[in-house]
Structures are given as C-alpha cells and as structure tokens.
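Note sheet for the following structure.
The values are calculated or read from the model by the stated rules, or taken from the named source; none is laboratory data. Predicted model only: the values in this text are computed from it and were never measured. Cβ sites come from the backbone with ideal geometry, for glycine too, and all protein chains shown count toward neighbours. Note: areas computed on protein heavy atoms with side chains; ligands, DNA, RNA excluded. Shrake-Rupley method; radii C 1.70, N 1.55, O 1.52, S 1.80 Å.
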Amino acid sequence: MRIKVDVEKCIGAGQCVNAAPAVFAQNEDDGMVVLLNQAPPESMAAGVRSAIRLCPARAIVFDD
Amino acid sequence: MSTSAGIVVVGGGQAGFQLQQALRSQGFDGRISLLADEPFLPYQRPPLSKAYLKGEATDDDLAFATADFYRDSGVEIIEDRAAAIDPRTKTVTLSRAGSLSFDRLILATGARNRRLPGLEGVHGLVSLRTLANAQELRDRLLATGDIVIIGAGYLGLEVASVSADMGASVRVIEMAPRLMSRSASPAVSRLFQERLEARGVRFELASSGVRVLHHGGQVTGVEWNGGSVRTKLVLACIGVDPNTELARDAGLDVANGILTDGYLRTAVPEIYAIGDCAAYPNIHFGQTVRLESVQNAVDQANCVAAAIVGEARPYASLPWFWSEQAGMKLQIAGNTTGQAQEIVVDGDHQAGALSAFHFRDDVLVGVESVNRPKDHMLARKILRSRQVISAAMLPQLLAPAPAA
Ligand SMILES: Cc1cc2nc3c(=O)[nH]c(=O)nc-3n(C[C@H](O)[C@H](O)[C@H](O)COP(=O)(O)OP(=O)(O)OC[C@H]3O[C@@H](n4cnc5c(N)ncnc54)[C@H](O)[C@@H]3O)c2cc1C
Ligand code: SF4
C-alpha cells in the first residue's frame, strides 16, 4: 500500500500516531503529521487503515 | 482487570467509540457492550459539515471502524437505545428488548440540536448533527442551489463556506453583531467574515426577530426585523442541548450536562459521563464546563478507560478545537470564551495568517490561530504545562528561534 498526507488539512490531533506509530509522527514545532513511511508493509496495514479512519481532518489518503 | 458483568457504554459517538478502543488497547479483556442508537456504525461528525457536504467523503468513509474491527476486538455493538438505568441493581433497560447489567456504566449520550419552536414537520427546515441530517442537507442543497443559515457559529459558517464553494446562493442570519461571537476575538471574526463574503456568502448580522416562513408544509422564506428573503432551504444552527434525560431519570445530578467530579464520575461511582453530555470541573478554566469537541470526547474517554484498568487520574487535558472555513484553518487552544481582559493580535490580516492571544489578569489563557499551526502548538505546550506568560513576554516568545 502507498499513502500520502495533506499537511494543509492536518490539525495536529495525533490520532494517526497512536494508530500506527511506525508510519506517522508529528512535527515538534507545528504538530503537523510527518509521514515516516510512504509504502508501509502489509504487517502495518491494519494500523494504517485505522489511522485513515480515525484522522478527524481526513488528512491521510491512499496514494494509488 | 476481569469482571463479570462488564462495561456498558451508552452512545456510539466519538466518545463512546474512543472509550471501547482505549479499553482494549490498555489491555482490558472483559466484556464491553456499546449501545448505539443511530442506524450507522459509529462515525465521525466533523466531516459532515466539511468533506462530506462537499461530496469528498462517502458514508462508509466516515465510520471509525468497520464491523470486522468490533468483532475482532470482541466489542458487542447493540443497535438500541438505553431507556432506563437502575443504579442500585446496576442494570440498563434497553428500549426495544431486554436489559444489561454492568460493573461500570459510561454515559456518552452526546447532545442534540436545538430546534426552532412550532415548526415540526415543515419540509426544507433542516438541522445538522447526524449522518442522516447531512444526507438530507446535501440532497436538498443540490436540488435548490440556495440556502439560508440561521446562526453564525462554527457549524453554520462551515456549511456556509462549503455551500458557497458548491455554487449555492448563501445567506447567514445572526443575532450577534459578529461571527462566532461566543468564542472568537473580533479580529478573527472580521477575517472570516471578509473571506466568506469574498466567496459569495451574504451576512445579516445583529438581526432580531428571525422567523421562518412556510406555506403548505414547505419553507418559503425567512423574515427578520429589517429584511426578508425567499428560500426553500433553511438550516438552523442555534446550538445544542446535552442528552441528560436518561441520567436525570436515574437520579443523577444534571445542570446543562451530566455533572461529574474531576475524575468524570457521577455521584454513583460506577457511572461516568464523557463527551458532549458531561459537565465537569475544568482545571484550565477554573470552573465547571461542558465542551463540544473531538479533543474533549477523545481525551475524556482515554481518561476513563485508564481509570477502569486501574490508573485513575484526574482529568486535566487542555481543551483545543479546530474549524475549517473559507480555505482557512482555525485552531483554538485553551479558553477564548470572552472572559479575557486583553487580546493581543499578531500576524498578517491581508495574508490571512494571524493569532489572537487572550490574557486574563495578564496571564495567557487561550490562543486562536488562523493558518498559524506553530502558534497553536506553542500555545498547547505553554497552556498544558500551565506556564505563566504575560502580555509583555509575548514578543520574545514569538520571535523566530536563532539559527542553530
Ligand atoms: C457537523 C458537525 C461538525 C463538527 N465539527 C467539529 C470540528 O471541526 N472540531 C471539533 O473539535 N468538533 C467538531 N464537532 C463536534 C464533535 O463532533 C462532538 O463534540 C463529538 O461528536 C462529541 O462526541 P460524543 O460522543 O460526546 O457525542 P455524539 O458524537 O453526539 O454521540 C452521542 C451518541 O449517543 C447516542 N445516544 C444518545 N442517547 C442514547 C441512548 N439513550 N441510548 C443509546 N444511544 C444514545 C446519540 O444518538 C449519538 O449517536 C462537530 C459536530 C458536528 C455535528
Ligand atoms: S490524525 Fe490527522 S489531523 Fe491528526 S496528526 Fe494525524 S494526520 Fe494530522
């Protein structure tokens, strides 16, 4: 799976980091999402799907 | 912790969803039942006035999780309403059939929109709280291409913004003389008004005597002292009332919310209240408050889940909120609800990027940021740690850090 994030939409809720800490982080300064892995392995797919659903700003999408 | 009767959560909204998820992720392996009375799996509300209305998200996208998720984590979703609670026998009676006993009960019943009186059943008068409401609003908006919104709070303005971007003719009628007057500073109100007007939204501010006109069961227009407009679609965004009847009938204390202590417990220690329905002592505001935000629902759910697995701590999260209008991102941290004695605005009105810093007794209590996420994060850090910042210290705080 490939994913991308839209920093313009992100509001720094951090839900993604809780759901998939190996894939998402938050920038120290502005709280915006940082994508650590654009093509997370299948083993992390459940966490990533959950992050996409939980993000209240809908800032994470599949990139296909 | 393993218990016999288990946990019953009333309400499958943001708070109820988060509670069951937090319990499982904190290792709770007992029984969890989630009572959800809407005809959808638990879903997000914020996109209803944003991406969903624009047509950029489907019904299915809004769900927090799919049915497999609940099955795999052993959470039972019961599509029914809680009709009554007996705190003595620790049972909840369901509306359709049966009852559930509980070790702990979490009330996450949310809030419902206030209605304009005397207009029940009039077609074209809509409200926006649920996915069903959003479906109706979107269908009618696409059909009429015209909407009148009563109330210039966050919700009304988000809908105004999206509707204008969809090409609809939009008019917003508000009693107060400015936008979001309850919690936004005048500078922020002004910026949003200008940007929304530039996108075609028309405002009727300081309007009193607002009255919805109808004929033959269909909305025909809106009238106020000083003007009137014809329309087939009116959205009333005039605030919410917390769903407290269930708690009140069970003998719990309610007053604009289900009253709790600093641990979010009601007077019955096995019963908690969280999210939009709960009124609790907020340490940052120094008073009892009832907040309506994703942050509040999520953090309260996490706090109660921790207490249930044995790590009770007073609820102390810093309130924050966001809204999206006219292509701008508004983020609010702390308390900006009008009790500040001094507001300092920093930024660039023309560029649409500014922050308003609210001080009470010369101590920073809240910050609104428009397209300035760094200020928002800084505000969250300062306010969370209860650092004392005076207005005089602000310039230094905002100065860019020297290059390393
Ligand atoms: C259109 C819209 C946009 C929003 N945008 C934002 C935003 O941008 N930022 C932000 O921070 N917040 C926003 N909010 C607010 C946020 O969505 C709420 O604060 C949040 O949903 C509160 O969660 P809750 O679980 O307490 O209540 P709710 O989400 O209201 O859930 C309560 C649920 O309990 C159910 N229920 C009630 N009584 C019973 C019963 N007796 N038995 C069974 N079920 C029952 C209700 O039907 C409902 O499904 C928005 C809200 C709306 C409506
Ligand atoms: S969950 Fe969404 S809004 Fe929150 S930090 Fe992640 S991407 Fe940003």
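Yes or no: the range B:252-261 includes at least one residue that is open to solvent by less than 40 Å² (accessible area, probe 1.4 Å), away from ligand 2 (no atom under 16 Å from the Cβ) and closer than 26 Å to B:H358 by Cα. Lay out the reasoning, then the answer.
Applying the first criterion (open to solvent by less than 40 Å² (accessible area, probe 1.4 Å)) to the range B:252-261 yields B:252, B:257-258, B:260.
In the following step, the residues that additionally are away from ligand 2 (no atom under 16 Å from the Cβ) were identified as B:252, B:257-258, B:260.
Among the residues that remain, those that are also closer than 26 Å to B:H358 by Cα are: none.
No, the range B:252-261 contains no residue that is open to solvent by less than 40 Å² (accessible area, probe 1.4 Å), away from ligand 2 (no atom under 16 Å from the Cβ) and closer than 26 Å to B:H358 by Cα.
So which of B:L100, B:L23, B:L34 ends up being within 23 Å of B:R248 (Cα to Cα) and more than 10 Å from ligand 1 (Cβ to nearest atom)?
Numbers: B:L23 fails: within 23 Å of B:R248 (Cα to Cα); B:L34 fails: more than 10 Å from ligand 1 (Cβ to nearest atom).
When all the criteria are applied, what remains is B:L100.
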Here's a check for you: in the range B:27-50, which residue that is surrounded by 15 or more Cβ atoms within 10 Å (Cβ to Cβ) and farther than 23 Å from B:L291 by Cα is nearest to the other protein chains (Cβ to nearest Cβ)?
B:L41
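Would you call B:R114 away from ligand 1 (no atom under 16 Å from the Cβ) and either surrounded by 15 or more Cβ atoms within 10 Å (Cβ to Cβ) or touching a residue at least 40 places away in the same chain (Cβ under 8 Å) (or both)? Give the derivation first.
On the way: away from ligand 1 (no atom under 16 Å from the Cβ): no; either surrounded by 15 or more Cβ atoms within 10 Å (Cβ to Cβ) or touching a residue at least 40 places away in the same chain (Cβ under 8 Å) (or both): yes.
Judged against the criteria, B:R114 is not a match.
Scan the range B:165-197 residue by residue and report those that are part of a helix (DSSP H, G or I) and either farther than 30 Å from B:N335 by Cβ or open to solvent by less than 50 Å² (accessible area, probe 1.4 Å) (or both). Outline the logic, then answer.
Residues of the range B:165-197 part of a helix (DSSP H, G or I): B:165, B:186-197.
If the condition is that a residue be part of a helix (DSSP H, G or I) and either farther than 30 Å from B:N335 by Cβ or open to solvent by less than 50 Å² (accessible area, probe 1.4 Å) (or both), then B:D165, B:A187, B:V188, B:S189, B:L191, B:F192, B:Q193, B:L196 are the ones that fit.
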For a quick check of your reading of the model, give me the residue pairs whose first member lies in the range B:297-324 and is over 19 Å from B:E270 (Cα atoms), whose second is open to solvent by 40 Å² or more (accessible area, probe 1.4 Å), with beta-carbon atoms closer than 7 Å and at least 6 apart or on different chains.
B:A316/B:I283; B:S317/B:D299; B:L318/B:R384; B:S323/B:Y154
Among the residues of the range B:6-13, is there at least one that is open to solvent by less than 20 Å² (accessible area, probe 1.4 Å), under 20 Å from the mean Cα position of the chain (by Cα) and within 14 Å of another protein chain (Cβ to nearest Cβ)?
yes
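Do the conditions hold for B:G74, that is, is it touching a residue at least 60 places away in the same chain (Cβ under 8 Å) and more than 16 Å from ligand 2 (Cβ to nearest atom)?
Numbers: touching a residue at least 60 places away in the same chain (Cβ under 8 Å): no; more than 16 Å from ligand 2 (Cβ to nearest atom): yes.
No: the conditions fail for B:G74.
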Could you list all residues from the range B:72-88 that are more than 13 Å from chain A (Cβ to nearest Cβ), more than 8 Å from ligand 1 (Cβ to nearest atom) and touching a strand residue (DSSP E or B) at 6+ places or on another chain (Cβ under 9 Å)?
B:G74, B:V75, B:E76, B:I77, B:I78, B:E79, B:A84, B:I85, B:D86, B:P87
Restricting attention to the range B:51-65, and to residues there that are within 11 Å of another protein chain (Cβ to nearest Cβ) and loosely packed, with under 15 Cβ neighbours inside 10 Å, which single residue is farthest from A:L54 (Cα to Cα)?
B:E56
Boolean, B:E270 is farther than 30 Å from B:S185 by Cα, open to solvent by 50 Å² or more (accessible area, probe 1.4 Å) and more than 14 Å from chain A (Cβ to nearest Cβ):
yes
